[in-house]
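Taking it in order: structure first as structure tokens, then the write-up.
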Amino acid sequence: MLHKREVIGFIVAPLPFLAPFLVMFAVLFFDDPSELLVTAHLAATILVWSYGATLLVGMPVHLTLRRKGKRGLIAYLGLTFVGALVACAGAAIAEKLFIAPQEDNPFALTMWSSVGVKVTVLFAVLASICACIFWAIAVRRSPGQGQ
């Protein structure tokens, strides 16, 4: 069972990742109101992916560390970074097993290229930033922990 601060932490942690993208889309499409639907779709897509990543990586990290009694920021950052790398490795393996048709990937970008490595490192860094925010909200001063 998650405590109130943990739920708030999971809700708030991805927001700093989302905010720059949402502002970027708003600025790009501000002068063309007809693109509002495209902007809303992009924002919703990023929102779903951000919270999906939070559930895929963040939830198992927190539950594992809570079960083991680890409350340190370094533990959260390290395990989140590793979890993000594992998630990206899973995506790369899935990409190799289920090859997308050429028309779905016209630029031939893959997780096995330099772009994939950059995306993996970026995802791991952003996930670690979100973990830091979650830790500050939910773990550092959890009620009943004497801190």
(request) Assuming R0 = 35 Å, can you tell me the calculated FRET efficiency for the pair residue 98 and residue 59, based on Cβ-Cβ distance, to the nearest 0.05? (result) 0.90
(message) For the stretch 1-99, take N as its residue count and report Rg(C-alpha) divided by 2.2 N^0.38 Å.
(response) 1.34
(message) Which order do you get for 41, 62 if you rank them by accessible area with a 1.4 Å probe, largest at the top?
(response) 41, 62
(request) Could you pull the accessible area for residue 81 with a 1.4 Å probe, rounded to 10 Å²? (result) 80 Å²
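The values are calculated or read from the model by the stated rules, or taken from the named source; none is laboratory data. Owing to the predicted nature of the structure, the values given are computational and were not obtained by experimental measurement. No Cβ is skipped: glycine too gets one built from the backbone with ideal geometry, and neighbour counts run over all protein chains shown. For the accessible areas, the whole protein counts, side chains as well, though only heavy atoms, and no ligand, DNA or RNA atoms are used. Shrake-Rupley method; radii C 1.70, N 1.55, O 1.52, S 1.80 Å.
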